[in-house]
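J.: Handing you a structure now.
The values are calculated or read from the model by the stated rules, or taken from the named source; none is laboratory data. These numbers come from a predicted model, not from an experiment. Virtual Cβ from ideal backbone geometry, glycine too; neighbours counted across all protein chains shown.
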Amino acid sequence: MKLVKTLISLMFMFSVFSAQADKLAHLRSSRKIVTEDVVRAPHYTIQVVALKEPPQNPGFFRDLNQVREFVCSDGFVRYTVGAFASFSDAARELEAFRAQGYTDAFVLNTRKITLKGSAQTPVIDKNAAPVAGTSYTVQLAAYRFPVYVSEFSEFSSVQEYYMRDKIYRYCVENVDGADALRVLAEVQAKGYPDAFLVPLEKYRPFRIE
């Protein structure tokens, strides 16, 4: 009787393991599915499915040329196709994928996902002295919701950044550390007393083109 129970337990464990096993390994090795380790531009793509458990049907991806796999911090693995410069470019291709049977497909902005284990919003020391030879930008403001860059009419070129904390940040200038304090003072004098310097490299990956 004990032997029978042991065999039943082993069969159950094997079935659970099989159900959770990765059945996409051959698709990854053939580069039909590519796992992304960073979120990069262009940021618009078409999501065909998001799962919390390993896919059990590799045939689901049969009609797709190349699929990108995003393992996200919210526990979902997102599978997408295409990379587009704008929402409208992606939207024009969306119906074609829905017609193939991917009826739940939609346009995804990858700036709004966070990869599991990825770097979070940069920590900025506002009191750190700028270093000559390092590029800096000046942060003017930060908002929960986006605004038109024309709101900052005092400046001819304003960059917009969208961070992992879902905050939009608005910056101006690209200046060497040797001149950074002078430029910061000029910006503050234009009505932005809370403006501060940011090493450009820390914000660069989050820029909205």
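J.: Select from region 163-182 the residues that are at pLDDT 95 or above, in contact with a Phe, Trp or Tyr (Cβ under 8 Å, 6 or more places away or on another chain) and either aliphatic (A, V, I, L, M) or surrounded by fewer than 13 Cβ atoms within 10 Å (Cβ to Cβ) (or both) and list them in ascending order.
T.: Selection gives Val172, Val175, Ala180.
J.: Polar (S, T, N, Q) and either touching a strand residue (DSSP E or B) at 6+ places or on another chain (Cβ under 9 Å) or crowded, with 17+ Cβ neighbours inside 10 Å (or both): is that true of Asn57 in this structure?
T.: Spelling it out, it is not the case that Asn57 is polar (S, T, N, Q) and either touching a strand residue (DSSP E or B) at 6+ places or on another chain (Cβ under 9 Å) or crowded, with 17+ Cβ neighbours inside 10 Å (or both).
J.: Residue check: is Gly59 small (Gly, Ala, Ser), within 23 Å of the chain's Cα centre (by Cα) and at pLDDT 70 or above?
T.: no
J.: List every residue pair whose Cβ atoms lie under 9 Å apart, where the two residues are 6 or more positions apart in sequence or sit on different chains, the first residue falls within region 137-159 and is free of Cβ contacts under 8 Å to residues at least 40 places away in the same chain, and the second residue, located anywhere, is surrounded by 11 or more Cβ atoms within 10 Å (Cβ to Cβ) and part of a helix (DSSP H, G or I).
T.: Here the result reads Glu154/Val187; Phe155/Val149; Phe155/Val187; Ser157/Val149; Val158/Val149; Val158/Glu151, each pair linking region 137-159 to a residue that is surrounded by 11 or more Cβ atoms within 10 Å (Cβ to Cβ) and part of a helix (DSSP H, G or I).
J.: If you don't mind, there's one more thing I want to ask. Could you grab me the full set of residues in region 29-40 that are out of contact with any helix residue (DSSP H, G or I) (no Cβ under 9 Å at 6 or more places or on another chain) and in contact (Cβ under 8 Å) with a residue 12 or more places away in the chain?
T.: Arg31, Asp37 - these are the residues of region 29-40 that are out of contact with any helix residue (DSSP H, G or I) (no Cβ under 9 Å at 6 or more places or on another chain) and in contact (Cβ under 8 Å) with a residue 12 or more places away in the chain.
J.: Residues of region 169-189 being farther than 20 Å from Ala132 by Cα and assigned to a strand (DSSP E or B), which ones?
T.: Answer for region 169-189, where residues must be farther than 20 Å from Ala132 by Cα and assigned to a strand (DSSP E or B): Arg169, Tyr170.
J.: While we're here: Only one of (1) touching a Ser or Thr at 6+ places or on another chain (Cβ under 8 Å); (2) over 30 Å from Val77 (Cβ atoms); (3) aliphatic (A, V, I, L, M) is not met by Val158, so which one is it?
T.: Of the numbered conditions (1) touching a Ser or Thr at 6+ places or on another chain (Cβ under 8 Å); (2) over 30 Å from Val77 (Cβ atoms); (3) aliphatic (A, V, I, L, M), the odd one out for Val158 is (1).
Listed here are the residues, each with its yes/no results for (1) in contact with a helix residue (DSSP H, G or I) (Cβ under 6 Å, 6 or more places away or on another chain); (2) in the same structural domain as Pro193 (by TED's automatic domain parsing); (3) more than 18 Å from Leu200 (Cα to Cα).
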site: Val123; (1), (2), (3): no, no, no
site: Lys126; (1), (2), (3): no, no, no
site: Pro130; (1), (2), (3): yes, no, no
site: Ala141; (1), (2), (3): no, yes, no
site: Pro146; (1), (2), (3): no, yes, yes
site: Val149; (1), (2), (3): no, yes, yes
site: Ser153; (1), (2), (3): no, yes, yes
site: Arg169; (1), (2), (3): no, yes, no
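J.: Would you check if there is a residue in region 190-200 being within 30 Å of Asp74 (Cβ to Cβ), assigned by TED's automatic domain parsing to the domain that holds Gln139, out of contact with any Gly (no Cβ under 8 Å at 6 or more places or on another chain) and assigned to a helix (DSSP H, G or I)?
T.: yes
J.: Within region 123-137, does at least one residue satisfy the condition of being buried (at least 18 other Cβ atoms within 10 Å of the Cβ), part of a strand (DSSP E or B) and either at pLDDT 95 or above or aromatic (Phe, Trp, Tyr) (or both)?
T.: Yes, some residue in region 123-137 is buried (at least 18 other Cβ atoms within 10 Å of the Cβ), part of a strand (DSSP E or B) and either at pLDDT 95 or above or aromatic (Phe, Trp, Tyr) (or both).
J.: Restricting to region 74-122, what's the tally of residues that are in a strand (DSSP E or B), at negative phi and at pLDDT 90 or above?
T.: Number of matching residues: 11.
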